[in-house]
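Notes for the one structure printed next.
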Amino acid sequence: MNQPSDVPRGRALAEAAAKVIPGGVNSATRYIGPPYAFASATGATITDLDGNSYLDYHAAFGAILLGHNFEPVNRAMAEALGGLDLSGLGVTELEVALADRICEIIPSAESMIATVSGSEATAQAIRLSRAATGRKLIIKFQGGFHGWHDAVARNVISPPDRAYGMDPLSSGILPQALESTLIAEFNDLDSVRALLDEHDGEVAAIILEPIPHNVGALVPTDEFVRGLRELCTRTGTVLVFDEVITGFRHALGGYQQLCGVTPDLTTFGKGMANGYPVGGLAGRRDLMEHFNGRTGDVLLAGTFNGNPLGCAAALATLDHLAEHPDFYTRTFDFGEQMRTGLTKIVNDLGLEAHAAGFGGVFNLYFTPRPPRGYRDLLENDNEAYAAFHRSMIDLGHLMLPIPLKRNHISGAHTQADIDRTLEAAQAALSALAARAD
Ligand SMILES: Cc1ncc(COP(=O)(O)O)c(C=O)c1O
């Protein structure tokens, strides 16, 4: 077991951070109490500033796909260093290679733009959809997260009294921006149909995480994804799959490859470059041509878009995945072992909980029934969820102690890691069950 983590160095750095960084962190959900600060990471292990090591399932919110400091990706970046740093004019070979690769592997991709983050990609997707359709409104799902910008910063992990109503993630957003985003229920086609009927001819796009991993892992029914495609085609609405988490993690061609439904636009980020800052938007050529600086009408700008280091990291990540399809068989197998193992533990202990997930993503909902949509998640015992993750941290497993956050198995996790994690889960859940008695 790790020593208590609120020990001097991490805590001291957190206190120093709070003096010069608001709240002491550079992204709101990074403050979780101990461990406060990290120093190094390799493979599936991350080490805090006080020398405590954790088996990492947080994986930087899923940006780490192949394992920390993955040598082929680092090597590709090292090779890119010392060449062209940044030009700001014309195009580079690496940018073209990355766009070529994306168009080759992603079913919906006929052309691609590179961004630096997932938020930039979803912002561009929404602006493009509005420009292409001449319509104002968009539909997102309760529980879906698509970045921090105004159009989508509402209704993610909403409490029961604000779910489906107005639940902005931030002050300072224009009411018109919030009101232009309508909220539907995941896996409920009728809720989407009702909004499209009510706002006939006004909806530019439907944006969804095909598996809403920002609230754990709600797996879509076939009927739901196919139905969305049909509704969008019939009403001239742009269908946007936000594959910032699912892309490359569940299949090289994204979740769209697995479900056989082709969206009009797809956004990427996170694991695409195994931890380095790259995002992207790809899709139908007629739509993407709106970004053409000479003939189109949608602004595409960004000093660091398509930068050589990011492109090198993304290409090395995608190359590795293409050459090692066993990444998918292994992470799916380990994910399944985790779900089966957790199910057995909670059943034996008589806990009201359900293991969920997809592929290498897993989590344990503390709900009376296996959740299908966000409405079921309103019944999640958030305290138990966070307490379970907190106990796992104390047992040397980094999991985010925030309700409904998921865990990620990377290419670096081993069978021994999975066995060790299930042993730790047995201890953590036994303590939770004893507390509940
Ligand atoms: C599904 C999804 N889309 C978009 C984003 C935004 O990406 P970024 O944090 O790189 O801006 C996130 C980030 O968590 C995400 O999970």
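Throughout, read-outs are computed from the coordinates displayed, never taken from laboratory work. Everything numeric here is computed off the predicted structure, so don't read it as measured data. Please note: Cβ atoms are built from the backbone with ideal geometry, for glycine as well, and neighbour counts cover all protein chains shown.
Annotation note: GluC sites (Glu not before Pro) in the range 375-429 located in DSSP loop regions with a Cβ neighbour count of at most 15 within 10 Å are 379. Taking the number of Cβ atoms within 10 Å of each Cβ as an exposure proxy, the fewest-first ranking of 95, 104 is 104, 95. Across every pair of non-identical alpha carbons in the range 212-315, the mean reciprocal distance, once inverted, gives a Kirkwood radius of 15.2 Å. In the chain, if the dipole is taken from +1 on Lys/Arg beta carbons and -1 on Asp/Glu beta carbons about the Cα centre, which of 8, 20, 360 is farthest to the positive end? Value: 20. Which whole-number percent of Cα pairs in the range 79-148 have a distance greater than 14 Å? That fraction is 73 percent. Dipole orientation for the range 349-437: of the candidates 431, 391, 401, 401 has the Cα lying most toward the positive pole (charges on Cβ; Lys, Arg +1; Asp, Glu -1).
Placing +1 on the Cβ of every Lys and Arg and -1 on the Cβ of every Asp and Glu, with nothing else charged, gives the chain a dipole about its Cα centre of roughly 480 debye.
For the range 1-136, a simple Cβ point-charge model (Lys and Arg +1, Asp and Glu -1, everything else neutral) yields a dipole of about 700 debye relative to the Cα centre.
What list do you get for 27, 191 if you sort them by fewest beta carbons within 10 Å? Least crowded to most crowded, the residues run 27, 191. Counting Cα-Cα pairs of the range 78-200 in 5 Å increments starting at 0 gives whole-percent bin shares of 2, 9, 14, 17, 17, 13, 10, 8, 6, 3, 1, 0.
Among rounded, prolate and oblate, which fits the range 246-362 when a ≥ b ≥ c are the square roots of the eigenvalues of its C-alpha gyration tensor, a/c under 1.5 means rounded, and a/b larger than b/c means prolate? It comes out prolate by the Cα gyration axes. Taking a span of 30 Å or more along the helix axis (Cα atoms) and a mean Kyte-Doolittle hydropathy of at least 0.0 as the rule, the DSSP H helices of the chain that qualify are 415-436. The packing ranking, built from the mean of other Cβ atoms within 10 Å per residue, places the peptides 242-251, 309-318 in the order 242-251, 309-318, highest first.
Partner lysines whose Cα lies under 30 Å from the Cα of residue 270, excluding those fewer than 8 positions away in the same chain, are identified as 19, 136, 140, 405.
For the pair residue 230 and residue 420, label points projected 7 Å from Cα toward Cβ lie 4.9 nm apart. Measuring nothing but how far apart in sequence close Cα pairs (under 8 Å, 6+ apart) lie, relative to its length, the range 386-437 scores a relative contact order of 36 percent.
The convex hull defined by the C-alpha atoms of the chain has an orientation-averaged projected area of 21.1 nm².
Separation of the range 189-257 and the range 309-382, taken as the distance between their Cα centroids, equals 20 angstrom. The chymotrypsin sites (Phe, Trp or Tyr not before Pro) of the range 371-416 include none that meets both conditions, a loop assignment by DSSP and at most 10 other Cβ atoms within 10 Å of the site Cβ. Taking a ≥ b ≥ c as the square roots of the Cα gyration tensor eigenvalues, with a/c under 1.5 meaning rounded and otherwise prolate when a/b beats b/c, else oblate, which class fits the range 267-328? Prolate shape, in that a/c is at least 1.5 and a/b is the bigger ratio.
Of the trypsin sites (Lys or Arg not before Pro) found in the range 149-231, those that fall in a DSSP loop while having at most 14 other beta-carbon atoms within 10 Å are 162. Taking every DSSP helix (H) stretch of at least 4 residues in the chain, weighting each as -39,500 (n - 2.57) and dividing the sum by the residue count yields a mean residue ellipticity at 222 nm of -12000 deg cm²/dmol.
Taking other C-beta atoms within 10 Å as the exposure proxy, 338, 77 rank 77, 338 from fewest upward.
A Cβ-based charge dipole, computed about the Cα centre of the range 243-302 with Lys and Arg at +1 and Asp and Glu at -1, lands at about 180 debye.
Dipole orientation for the chain: of the candidates 247, 145, 325, 145 has the Cα lying most toward the positive pole (charges on Cβ; Lys, Arg +1; Asp, Glu -1).
Among 128, 218, 189, the largest mean-square fluctuation in a Gaussian network model of the chain (Cα springs under 10 Å) belongs to 189.
For the chain, the relative contact order comes to 21 percent (Cα pairs under 8 Å, sequence separation of at least 6). Computed over the range 326-381, the percent of Cα pairs more than 14 Å apart is 54. Put simply, the convex hull of the Cα atoms in the range 1-131 casts, on average, a shadow of 11.9 nm². As a length-normalised measure over Cα pairs under 8 Å and 6 or more apart, the relative contact order of the range 1-85 settles at 24 percent. Among 279, 62, 296, the largest mean-square fluctuation in a Gaussian network model of the chain, built with springs joining Cα atoms closer than 10 Å, belongs to 296.
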